[in-house]
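Let me begin by presenting the structure, written as structure tokens, before commenting on it.
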Amino acid sequence: MTTYQTVTRPDLSRYQQGSIDAPYTVSFDSQRPGPVVVITAIIHGNEWAGAVALDRMAQQLSGVTAGQLHLCFAHYEAYG
């Protein structure tokens with residue numbers, strides 16, 4: 001039998017300030033050389049599965065070992 005998990009739409013207001021003066025963007029900078037990676041979600045605003053994934057990443061990550069990681073909730077105006 002298949003079981004399903006109910007996923008609730010995350011409240012993104014905690015990311016409104018952003019961490020690099022970019023609204024709704026969470027950044028991790030290792031201060032070491034390495035790749036710069038940007039992961040986006042809610043490009044179209046109404047597809048919120050990516051917002052769930054980025055919200056979980058932002059809450060669970062404590063940093064990166066090299067380079068930079070930017071998590072961007074791109075079209076937050078359409079999300080709400």
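Overview of results
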| read-out | value |
| --- | --- |
| Charge dipole (debye, nearest 20) of the chain; +1 at Cβ of Lys and Arg, -1 at Cβ of Asp and Glu | 200 |
| Probe 1.4 Å, accessible area per residue of the range 11-80, Å² | 62 |
| Positive minus negative residues near Ile42 (Lys, Arg vs Asp, Glu; Cβ under 12 Å) | -2 |
| Value of [θ]222 nm, deg cm²/dmol, for the chain, DSSP H segments ≥ 4, -39500 (n - 2.57) each, nearest 500 | -5500 deg cm²/dmol |
| Coordinate range along principal axes, alpha carbons of the chain, Å, largest first | 46, 34, 19 |
| Residue order for Arg32, Arg9 - accessible surface, 1.4 angstrom probe, largest first | Arg32, Arg9 |
| Degrees, to the nearest 10: 49-60 long Cα axis against longest axis of the chain | 50 |
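The values are calculated or read from the model by the stated rules, or taken from the named source; none is laboratory data. Since we're looking at a predicted model, the values are computed, not measured. Ideal geometry is used to build each Cβ from the backbone, glycine not excepted, and the neighbour counts take in all protein chains shown. For accessibility, only protein heavy atoms count, side chains too; no ligands or nucleic acids. Shrake-Rupley method; radii C 1.70, N 1.55, O 1.52, S 1.80 Å.
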